[in-house]
Amino acid sequence: MKYVDCPLCGGNVSEKTIIRTGRCNNCYAEESLLNLLDHDSLAMRHRVEWKVNLIISFNDFIESSSFSRIFKYRIVVDFQKVINRLNDTFDSRLSESWLNNVYYDISAYKSPKYLDIIKVFFFSQSLIAFDVNNYPWSVTILDNWYYYNEDILDYYFDDRRCHDCGVFKGKQTHNFCETCTDRRSLKRLCSKSTLEKTFESIEIKNLFLDFVNFMLKSQLQFRTVHDVSNLLVHVFIRMEKLLDSTERNKIISFSGNTLQEKINIKWICSTFESYTQLSMSSTNLRKLPAAYGHFCAFLHSQHILSPDVILPYLRIEGRTVEMFISDKNDRTKIEERILSYPSRFRKLLNYYLEMKSKKIYVLEKKMP
Ligand SMILES: [Zn+2]
Ligand SMILES: [Zn+2]
């Protein structure tokens, strides 16, 4: 392809483009945008003044970004098409799902990024009602809009501030602050499309979300919730394999039958030891004991695992994950010895043993 200089800006441009439009794409976009925003033609196209004003305000917002002319032109075109779909007498709030549908219907670019920016603008004008039940299983709101502030137009394109919540952030290379970055990662992990790729059965998918919610309820940081849940996807996939295909397709009660029977100490040991075969980062390996603790606590909370079960210990040696059932043999030994005592002592000794093992269980639970 032959390149020449653009007669307007001097930039590099293919000869083909010059023959077609007489200028580079950037200059072409700039001129198209100017034409589009010409007040008289806007008024003719949209008839009512509030629509014209909205398009001009939207363009002012886009102008504050460092996007290219082409990007700016395209998004204003999309915005104008959305405005076109609103009634002239519109005086309430449009719903987010309506906007999603309309956007993918009218846009030639169908860019989630454009759509987000359009939503942000409508939010700043109090013209949008966001959908509230995108993550109905979660105690914490994961949607981005919940973290937007009124002055979002002032900070959305400011590289020094978080695009979602507006706090000043350290690294300029990231669009979001740490909390919002972690929340967005968790949201992605729990999104419908990711879950559909990860799990086959609705039951395990829901159980996984219950687990994420269990962690959110403990008011842990988004980072911890994300990292632990992400690490345990492997465990939930193995759990899914426990269910045969007929069980997978019908609604079953996890606490009542199937899983309760199949999830035992042996399964827990082999599942966590199977992490040895995965090539894990050392960071993830370090997080595994905590993840194991959260998982066991979850199984207890769901009554999948009885609280009387003495849990094995998880130990990491180099890159090997080992599980230990330490107390079981000791306990059997003690029970045998108790039997050798006169019967009037047995009851008391058994009671003492019971108390002791409960204490061990509580201590295990307290371990991070
Ligand atoms: Zn040019
Ligand atoms: Zn933020």
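Descriptive notes on the structure:
- The range 42-105, Cα convex hull volume normalised per residue, Å³: 98
- Loop-located trypsin sites (Lys or Arg not before Pro) in the range 1-77 whose Cβ has at most 13 other Cβ within 10 Å (DSSP): K2, R47
- For the range 199-325, averaging the sequence separation of C-alpha pairs within contact (under 8 Å, six or more residues apart) and dividing by the residue count gives a relative contact order of 27 percent.
- Sites L94 and T198, calculated FRET efficiency, Cβ-Cβ separation with R0 35 Å, nearest 0.05: 0.60
- Our note on the geometry: Cα centres of the range 166-242 and the range 1-70, 41 Å apart.
- Extension gain for N87-V132 works out to 13.8 nm (0.36 nm per residue, less the C-alpha to C-alpha distance).
- The range 34-140: radius of gyration and largest Cα-Cα distance (Dmax), Å: 14.4, 50
- Average projected area [Cα convex hull, the chain], square nanometres: 27.7
- Between 0 and 90°, nearest 10: helix 178-189 axis offset from the chain longest Cα axis: 80
- Counting every alpha-carbon pair across the range 133-233, the share separated by more than 17 Å comes to 54%.
Read the figures in this text as sums done on the coordinates, not as results from a lab. None of the values given here were measured: they were computed from a predicted structure. Note that each Cβ is placed from the backbone with ideal geometry, even for glycine, and that neighbours are counted across all protein chains shown.
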